[in-house]
Amino acid sequence: MPKTQDDWIAEYQAKNALWIHDGNLKRPHALLTSGMHSNGFFNSRLVIPDETLLREATHDLLKLFMRHSGSISQAQGVVGPQTGATKLAEFMSDDIRSITGSSCFWASPAKKRDKTAMIFNNEERLLLPKKTVLLCEDVLTTGGSVDLTARAVSDAQGNVLPFILVLVNRSGLEWASGKKVVALINRPMPMWVPEECPLCKKRSVAVHPKDNWNLLNATY
């Protein structure tokens, strides 16, 4: 029986992987990769290393995908951006092979240093031409990484199914890059540009969450 959304939120909480600012202005707040600020963060880095749990999440995501009329048999590959979705893409391709009995590769492009594009390595690029792939992501925040990933697949002459499978959708979006978002957790969280961040205005400091997890969770 697949876990519910509340069950999956509880799994993140059990891993101390869900953080919400408590209003104490001595406590920092989240500086997201996009440059936006937020008062909450899902840290999948603390969840993904638990391979038993991640495989269960993969099973549940694919079941949810099929309930949204997604066709697993169409997926000849799974692509997820580095590094958060690398293991997810691998496990998802394993599951699809097991269910369909057909081959299904996985690939995980890396973001260029200037963050303007995703790049596949040479071995991955050879897998993609004329193949249809399913996109996955660990956390969907603005959809920027997924958009770059979809472009990278197209640039490599691959085709992308009209879905994005994600562990956590914190964006509030139902569609991203023209694709239906299918998520285990749909939990919108506020985001602000730095100039409009209410926590900054009250002198809470913005920090990168994954590198400062202990700082965000410290006692103040």
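The values are calculated or read from the model by the stated rules, or taken from the named source; none is laboratory data. Since this is a predicted model, take the numbers as computed values, not measurements. Positions of Cβ are generated from backbone atoms using ideal geometry, with glycine treated the same way; all protein chains shown enter the neighbour counts. Note: accessible area is taken over every heavy atom of the protein model, side chains too, but ligands, DNA and RNA are not part of it. Shrake-Rupley method; radii C 1.70, N 1.55, O 1.52, S 1.80 Å.
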Inset, instruction - Using the Karplus curve 6.51 cos²θ - 1.76 cosθ + 1.60 with θ = phi - 60°, work out ³J(HN,Hα) for each residue of the stretch 196-203 in order, rounded to whole Hz, and write x for Gly and Pro. - result: 10, 5, x, 6, 4, 4, 9, 6
Inset, instruction - Just tell me which lysines come within less than 29 Å, Cα to Cα, of LYS26; anything on the same chain fewer than 8 places away is out. - result: LYS15, LYS201, LYS202, LYS210
Legend entry - Segments 132-139, 88-95 sorted - mean Cβ within 10 Å per residue, highest first: 132-139, 88-95
Legend entry - Per-residue ³J(HN,Hα) for the stretch 207-220, Karplus 6.51 cos²θ - 1.76 cosθ + 1.60, θ = phi - 60°, Hz, x for Gly and Pro: 9, 6, x, 5, 8, 9, 4, 5, 5, 5, 9, 5, 8, 10
Legend entry - Point-to-point label distance, TRP175-ASP6, nm (Cα→Cβ direction, 7 Å offset): 3.2 nm
Legend entry - Reachable lysines from LYS63, criterion Cα separation under 16 angstrom, eight or more residues apart if same chain: LYS3, LYS180
Legend entry - Ranking by accessible area, most exposed first, for TYR12, TYR220 with a 1.4 Å probe: TYR220, TYR12
Legend entry - Rounded to the nearest 20 debye, dipole of the chain from Cβ charges on Lys, Arg, Asp, Glu: 440 debye
Legend entry - Table column - 3J(HN,Hα) (Hz), the stretch 141-154, Karplus curve with 6.51, -1.76, 1.60, x for Gly and Pro: 10, 10, x, x, 5, 5, 4, 5, 5, 4, 5, 5, 5, 4
Inset, instruction - Return the percentage of antiparallel bridges among DSSP beta bridges fully within the chain, rounded to the nearest 5 %. - result: 35 percent
Legend entry - Rg/Rg_globular for the chain, with Rg_globular taken as 2.2 N^0.38 Å and Rg from C-alpha atoms: 1.03
Inset, instruction - Please list the non-local residues whose amide H lies under 5 Å from the amide H of LYS180, H modeled 1.01 Å from N, same-chain partners needing a gap of 5 or more. - result: PHE163, ILE164
Inset, instruction - Compute all pairwise cysteine Cβ distances in the chain, then list the cysteines with no distance under 4.7 Å to another cysteine. - result: CYS104, CYS136
Inset, instruction - Count neighbours as other Cβ atoms within 10 Å of each site's Cβ, and list the trypsin sites (Lys or Arg not before Pro) in the stretch 127-220 that are DSSP loop with at most 10 such neighbours. - result: LYS130, LYS202, ARG203
Legend entry - Those trypsin sites (Lys or Arg not before Pro) in the stretch 1-108 that DSSP places in a loop and that have at most 10 other beta carbons within 10 Å: LYS26
Legend entry - Selection from PRO209, LEU54, ILE164 lying farthest towards where the dipole of the chain points positive, charges on Cβ: PRO209
Inset, instruction - Can you pull the one-decimal nm distance between simple spin-label points at ASP114 and LYS210, each 7 Å off the Cα toward Cβ? - result: 2.3 nm
Inset, instruction - Divide by every residue of the chain the summed helix terms, -39500 (n - 2.57) for each DSSP H run of at least 4, and state the resulting mean residue ellipticity at 222 nm, rounded to the nearest 500 deg cm²/dmol. - result: -9000 deg cm²/dmol
Legend entry - Gain upon complete extension [ARG97, LYS202; 0.36 nm per residue less C-alpha separation]: 32.6 nm
Inset, instruction - With a 1.4 Å probe and every protein chain left in place, tell me how much accessible area VAL205 has, in Å² to the nearest 10. - result: 90 Å²
Inset, instruction - Please give, to one decimal in nm, the separation of the simple spin-label points placed at ARG55 and ILE20, each 7 Å out from Cα toward the Cβ. - result: 3.3 nm
Legend entry - Mean accessible surface per residue for the chain, computed with a 1.4 Å probe while every protein chain stays in place, in Å²: 50 Å²
